[in-house]
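Readers should treat all values here as calculations from the given coordinates under stated rules, not as data from a laboratory. Note that the structure is a prediction, hence the values are computed from the model and not measured. Note that each Cβ is placed from the backbone with ideal geometry, even for glycine, and that neighbours are counted across all protein chains shown.
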Number of protein chains: 2
Amino acid sequence: MATKRINMKDIAQEAGVSTATVSYIINKRSDQVIAPQTIKKVEEAIKRLGYVPNLGARALASRHSHLLGLLIPQTEKETKLMFSNSFYGTFLSNFEYEARKKGYNILISGTSADESYLDVAQKRSLDGIVIVGVELESDIKGLKKNGIPAVLVDSYGMDKELSSVTIDDENGGFLATEYLISMGHRTIGIATGYLTKEGVNTERLKGYKHALSAHGVPQDDTYVYSGTISYEYGIELGLSLAKSPDRPTAIFATADILAFGLVKGLKKGGLKIPEDISVVGFDDGFMASNMEPALTTVRQDVDSKARIAAQLVIDAIEEKESSSNIVLPVSLVERESVRKLVVN
Amino acid sequence: MATKRINMKDIAQEAGVSTATVSYIINKRSDQVIAPQTIKKVEEAIKRLGYVPNLGARALASRHSHLLGLLIPQTEKETKLMFSNSFYGTFLSNFEYEARKKGYNILISGTSADESYLDVAQKRSLDGIVIVGVELESDIKGLKKNGIPAVLVDSYGMDKELSSVTIDDENGGFLATEYLISMGHRTIGIATGYLTKEGVNTERLKGYKHALSAHGVPQDDTYVYSGTISYEYGIELGLSLAKSPDRPTAIFATADILAFGLVKGLKKGGLKIPEDISVVGFDDGFMASNMEPALTTVRQDVDSKARIAAQLVIDAIEEKESSSNIVLPVSLVERESVRKLVVN
C-alpha cells in the first residue's frame, strides 16, 4: 500500500493553474502578484482535495519543525526502553503534555551506542532535544558546536552552558542512609544500577557513603550491589540476599522499581520485610504506598522535572532565555518498610 | 540560540564548488557527469564539516520518512497521556524496540479531538501510524482514502480492511465475572472507564453481563461504575463504596491501575480485601503480584500486542503483506484478592 498524499501538482491540476502559482499561494510569497480570482480557485481546490501542508517541507523552508526529540540513552545495557519503570512513563506524560500545549510533537528514541544525539537531531530536523541520563560528554559537544538547543535531564559532569534539570541526587542518597542509621542500622547495603563515572546512581552512592562516614559507620564494599535499574535485577538480588547469612540488616535501593523487585525476591526467599530486613526506595511513584509493606522512599517530583525540561528546550528554541541549571529538592517519605533496630 | 545545521551551501564553500554540484553528488543524480576529483573534494568537505543528510528533505524526495506515529487518542477526557498506567509504558517500550530494530523512529502524540489522525500523519510525513484505542470511524476513513498504512490497536467497530491487533476483551470480562460467581459472589460490580458505543471497556462490560446471565445472576445497573481508567478514579470509587452499606461483595475492575486505586480507596475507607470485599483486575502488569493482597486479574500479553502492531504497520509500509486482524487470547490469574463466599 503506497502512500498517496495530495500535493501541489494535484491542486494545480484541480484548479487549472500552474504548480508554481499554487506554491506561491500556499507559501504566501509576497513577491508575486496573483489575481484574486486565481487565489480563490486554488483555495477552493485545496478545500475539495483536503490538502494539508507538509510540515517536513515547511521545516526545510522555515528551519522550524516543531518536533522535539526525547532521547533516552540505553545506559543500562538493556535493549528496550525502560518504560516499565513508571519514572519514565510519568516523565513522558508530563513532557508530551507540556510540549503539545505549545504546539510541539515528540519524537522518542532509545539511542544506541553507535548513534550520536547529533545524528538523530540532524536526520530528523529536530528543533531541540531533551536527553535523559546522558553519560558521554563527547556527544554533547557535537550538539553545542551545531547550536542545536538541548536540555540534559539527570545528567552529571556536563558543560554548564547547556540547560539542565536534575534533582539533588546526592542528598537523596544521604537522606535514605541517614534515616536507616537513625533507625539503628549499622550494616547497610545499597542496590543500584550500572555505576558510570558520573550519573544519578553514582551521585546517590556518594550520598550513601557520605552519610555512613558522617555517622562513623564503617563502609563495606561487599554491600554495594550494582546491576541494572530493573524489577528483574531486584528479584535476583533479593533471592541471593535471602540465602546469604551475612547480609546487611537494611538496603537502600536507588529506584522504587528496584526496591519492588528486591522486596519480591526477599519474600520469595522466605524473608519478612521489615522484620528480617529493611528496604528504602527512591522516586516515590504512586505505587510505592501500595506495596506490602508500604515503601519508605525518597520522593522526587517527576512531574515538575518533565515540565521544566520541556519549557527550557522550547525557550531555547524560541530564543527566549539563556541556559539554566535547575536542581529540584528531594525528601524522605516514611512508611512501613523499615524496622527500628535496638542497638546492643 | 538559533539552530545552525551544516547545509549544502557550507559544503560547496568548503569544497570550492557550486551548490548544485554538491546537490548532484549527495543525491546521486545519474544524469549529471561530474569529475572524480570533484566528487572526492566534496566528499572530503562533507567529512570535515560533519554533514548528516536531512531525512526530512530525503523523505520529500523518496516519500519514505521511516517515521511511525504512535497516536493515543485522549478518550478518557484526560489531558495528559496515561503513561502512569503501565500498560502504555510496556506497549511503548516494546513498540519502539521493534521499530528501532527495523530502522524506524517513533513520533508520539496524544491527539486532541480537533486534530484528526490524517492531519498528524500528513503534517509529519509519517510512513504509517498505529492508533491505540480509536473511537471514531470517520477519522479512519480519511486515512484509508489517502492510503496511509494504519494499524488499529484495541479498537472496535472498525473497517476490517485495516490491520488490527486486539485481545479477546469480551472473554476477559466473562472469565473475571464467571470466576467471581464460582467463588460464591452474587452481587458483583464492575468498575470501568468512559463507556463509548464501542471500545475495550464496552467489550469487557459485555463479557461481564454475559457471564451474569449465563449463570442466572440478576443484573443491577447501579453496580456499573463508569469513570476513568485511572488510579485516581479507583481511589474515589473505593472511598465511596466503603461508605455505602449496599455495595456488592465483589468488583471487577477493567484495568489493573483502576484496581490498584480501588483497593487503596477501599482500605482507606476501613475495609479489608478480600475479607470485606473482593477485587479482580485486568492486564496483569508486573505490579499485580506485588500488591497487598496480590491481585487476581485477567492476563493479557502487552509485549506481543506491541510487537505485532509494529510488525503489521511496517509490513504494510513495505508492501509485504495485506491486512490482518489479530486477536490475542486472555487468561485468568488467580491470586489473593478474592474471597470464597459460603452461599446460604
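Size check on chain B: the Cα extents along the three principal axes, sorted descending, read 95, 41, 33 Å. Which loop-located trypsin sites (Lys or Arg not before Pro) does region B:235-344 contain, where loop means any DSSP state but H, G, I, E or B and the Cβ has at most 12 other Cβ atoms within 10 Å? Counting only loop positions with at most 12 other Cβ atoms within 10 Å, the trypsin sites (Lys or Arg not before Pro) in region B:235-344 are B:Lys272, B:Lys320, B:Lys340. Built from the Cα atoms of the protein assembly as shown, the convex hull projects on average onto 35.5 nm², one quarter of its surface area. GNM remark for chain A: springs join alpha carbons under 10 Å apart, and the peak mean-square fluctuation among A:Leu266, A:Leu258, A:Leu68 falls on A:Leu266. Computed from Cα atoms, the angle from the helix A:200-214 axis to the main principal axis of chain A rounds to 30 degrees. Which whole-number percent gives the relative contact order of region A:171-311, counting Cα pairs below 8 Å spaced six or more residues apart? This gives 23 percent for region A:171-311. The B:Lys340 and A:Gln13 beta-carbon pair, evaluated with R₀ = 56 Å, returns a calculated FRET efficiency of approximately 0.20.
Residues whose amide H lies under 5 Å from that of B:Val151, counting only those 5 or more places away or on a different chain, are B:Ile129, B:Val130, B:Ile131; hydrogens are built 1.01 Å from N in the peptide plane. Between the amide H of B:Thr111 and those of B:Ile72, B:Gln74, distances stay under 5 Å, these residues lying 5 or more places away or on another chain, with hydrogens modeled in the peptide plane. With contacts taken as Cα pairs under 8 Å and at least 6 residues apart, region A:146-199 reaches a relative contact order of 34 percent.
What is the local net charge at A:Met287, summed over the other residues whose Cβ is closer than 11 Å to its Cβ (Lys, Arg +1; Asp, Glu -1)?
Numbers: positive: B:Lys264; negative: A:Asp256, A:Asp283, A:Asp284, B:Asp256.
Value of the local net charge: -3.
Remark: label point of A:Lys141 defined 7 Å out from Cα along the Cα-Cβ vector; separations to the same position in other copies 5.8 nm, ascending. Applying the Karplus relation 6.51 cos²θ - 1.76 cosθ + 1.60 with θ = phi - 60° to region A:263-272 yields 3J(HN,Hα) values of 4, 4, x, 4, 5, 4, x, x, 9, 9 Hz, where x marks Gly and Pro.
Compute the angle between helix B:302-317 and the longest alpha-carbon principal axis of chain B, please, reported from 0 to 90 degrees and rounded to the nearest 10. So the inclination is approximately 40 degrees. Take every pair of alpha-carbon atoms less than 8 Å apart whose residues are at least six positions apart; their mean separation over the length of chain B yields a relative contact order of 16 percent. For region B:169-301, the dipole from Cβ point charges (+1 on Lys and Arg, -1 on Asp and Glu) about the Cα centre works out to 340 debye, to the nearest 20. Relative to the Cα centre, the charge distribution of the protein assembly as shown, modelled as +1 at Lys and Arg Cβ and -1 at Asp and Glu Cβ, gives a dipole magnitude of about 1500 debye.
Looking at the square roots a ≥ b ≥ c of the eigenvalues of the Cα gyration tensor of region A:169-301, which shape do they give, rounded for a/c under 1.5, prolate if a/b is larger than b/c, or oblate? Verdict is rounded for region A:169-301. In nanometers and ordered shortest first, the copy-to-copy spacing of the B:Pro245 label point, defined 7 Å from Cα toward Cβ, is 5.9.
Between the helical axis of A:231-243 and the longest alpha-carbon principal axis of chain A there is an angle of about 10 degrees.
Taking a ≥ b ≥ c as the square roots of the eigenvalues of the Cα gyration tensor, region A:189-259 is oblate, since a/c reaches 1.5 or more and a/b is not larger than b/c. Ordering A:Ser230, A:Ala255, A:Gly184 by Cα displacement along the dipole of region A:169-301 toward the positive end leaves A:Gly184 in first place; charges were set at the Cβ atoms of Lys, Arg (+1) and Asp, Glu (-1). Calculated from DSSP H runs of 4 or more alone, at -39500 (n - 2.57) each and per residue, what is the 222 nm mean residue ellipticity of chain A, nearest 500? The helix contribution divided over chain A gives -13000 deg cm²/dmol. Where chain B is carried onto chain A by rotation, the Cβ closest to that axis, with its residue and distance in Å, is B:Glu292, 1. A simple spin-label model places pseudo-atoms 7 Å from Cα toward Cβ; at B:Glu275 and A:Leu49 they are separated by 7.2 nm.
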